[in-house]
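Enquirer: Dumping the structure here so I can ask a few things about it.
The values are calculated or read from the model by the stated rules, or taken from the named source; none is laboratory data. Please read these numbers as outputs of a predicted model, since none were measured by experiment. Cβ placement follows ideal geometry from the backbone for every residue including glycine, while neighbour counts extend to all protein chains displayed. Each accessible area value is taken on the protein alone, full model and side chains, heavy atoms only, with ligands, DNA and RNA left out. Shrake-Rupley method; radii C 1.70, N 1.55, O 1.52, S 1.80 Å.
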Amino acid sequence: MNALSYEFNTKRPGLFVIGSGLATSAISLFLVFLLAAVTEDFQLMGFYLNYIIPIGAIGAGLVAGSGYGFASWLSGVKISRKLLLAVVGLQIGTYFLAQYVEYRNFAPCYEDGTPLGFFEYYDYMARSFAWTQDDGSMGEPIGLWGYAFRLLEVAGFAIGGLIVPLILFKKPYCAKCQVYMKTRNICLIPNGVQPKR
């Protein structure tokens with residue numbers, strides 16, 4: 001194999017990886033919207049563990065980001081730092097695209113019929129963030145603090161999307177073969193005598 005063909009083989013494009021990740025992101029968000037449609041007052045992305053850990057957003061992000069890792073494993077494209085940064089950017093973009101789709105679906109407007117802009121809608125939704133009380137009723141909106149929880153949702157979705165690619169990023173990779181290396185124990189060789197009691 002000459003140097004030119006080796007260089008060509010090692011520069012596989014990651015478009016399949018990115019396309020697969022975008023596909024699983026779309027599936028993940030469709031499932032989130034479907035779950036919201038079939039349940040009353042349950043938003044997966046707004047599900048928090050101990051009021052601080054956005055477990056729903058992390059889970060949705062994990063499903064969304066699984067496509068990046070699966071396609072990388074299948075195609076042999078190495079998960080690089082650039083690809084990890086691209087995954088973070090795409091996860092954040094996907095989150096806000098989902099917010100925009102939700103906005104378009106609701107088509108909110110003022111009492112006089114004037115349409116509400118997307119940023120006004122997002123501001124209203126962030127400031128209206130409230131916890132469900134023990135009796136099932138909604139608590140008081142937390143106002144400006146709602147942005148902190150929206151930020152936690154965005155971070156949770158992005159971090160969830162990084163879990164599978166980060167696992168592959170740490171796995172041994174053969175650049176020449178363009179495959180992730182598998183390891184397994186073939187045999188165990190004792191290297192000493194066990195001490196007697």
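Enquirer: Looking at the stretch 14-25, which of its residues are touching a residue at least 12 places away in the same chain (Cβ under 8 Å) and either aliphatic (A, V, I, L, M) or within 17 Å of GLY93 (Cα to Cα) (or both)?
Expert: Residues satisfying the conditions are VAL17, ILE18, GLY19, SER20, GLY21, LEU22, ALA23, THR24, SER25.
Enquirer: Could you tell me which of the residues VAL179, VAL164 is modelled with pLDDT of 75 or more, of a type in the set (Val, Ile, Thr) and farther than 30 Å from LEU44 by Cα?
Expert: VAL179
Enquirer: Among the residues of the stretch 141-197, write down those that are in a strand (DSSP E or B) and either in contact with a helix residue (DSSP H, G or I) (Cβ under 6 Å, 6 or more places away or on another chain) or touching a residue at least 12 places away in the same chain (Cβ under 8 Å) (or both).
Expert: Residues satisfying the conditions are TYR173, VAL179, TYR180.
Enquirer: Within the stretch 27-140, considering only helices (runs of 4 or more DSSP H) that don't extend past its boundaries, which have at least 1 residues that are open to solvent by 40 Å² or more (accessible area, probe 1.4 Å), among the charged types (D, E, K, R) and at pLDDT 85 or above?
Expert: 81-106, 118-127
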